[in-house]
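Student: Right, I'll just put the structure down here and ask away after.
Values in this text are rule-based calculations from the coordinates and carry no lab data. Everything numeric here is computed off the predicted structure, so don't read it as measured data. Glycine gets a Cβ as well: all are built from the backbone with ideal geometry, and neighbour counts include every protein chain shown.
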Amino acid sequence: MKKLLTTIAFLLGATTLFAQCKPDFDKSDKITKEKIIGWNYELYVTPLMKSAMGSSDFGVNVAVGQTGTKYEIDIIITKYETSAKKAAFESGVHGSQGSTVLLGFKEGGTPLTIKAFEVQNSSRALKSTEMYVTSVNMACYFTKEELMAFKEALTTKTIDAFRATLDGGMMLEQSIKDKRGDKMKEKFICFFDYIDKNPTK
């Protein structure tokens, strides 16, 4: 009886998770007509307390997806400053090919190292809030075989730390809350379930 209840609880949990597995983006490229599908989550954002104390705010988004037969993980770092002048002297957020991101796991083990193949740097002013935003979008491409090597870690462990090494040796490092790490793990589970069920030709 106990084993049956455990099995039912597992199945109910799995059903709930897969019910939430709707991709965050699912569209077709206007030019190539390739299908673009993926899952995205804000892994880190500056806590309100730190923000109120005047700290430079930044956020980290992680997206995992597939475009046609290509697989990728994107790391998007966004830094907010109170003025363009402050951003120019204090931000220093700029990436290039070869910039690296390390993801540490709560359970320990070897951190996952992701190296950028393509990087887009951008900056803009938000007139409504008088904030200046600098973004670094690092795209990391993989074959399916390379990506599957990460499957066990990304779908069974919880990300609890983030470290990015950018141009000029600038380093951004933060601990990740369990709730956000667990949510990111759910996104990876959904992605790997999708590619398992939808093999490329």
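Student: Counting other C-beta atoms within 10 Å, which of MET138, MET184 has the fewest, and how do the rest follow?
Tutor: Listed from fewest to most nearby Cβ atoms, that is MET184, MET138.
Student: Ordered by residue, what ³J(HN,Hα) values in Hz, to whole numbers, does region 65-71 give under the Karplus form 6.51 cos²θ - 1.76 cosθ + 1.60, where θ = phi - 60° and Gly and Pro are x?
Tutor: Listing the rounded values in order: x, 9, 10, x, 9, 9, 10 Hz.
Student: Please tell me which of these pairs span more than 23 angstrom C-alpha to C-alpha: LYS30/LYS115; LYS79/LYS151; LYS30/LYS197; LYS115/LYS185; LYS30/LYS187; LYS127/LYS183?
Tutor: LYS30/LYS115; LYS79/LYS151; LYS30/LYS197; LYS30/LYS187; LYS127/LYS183
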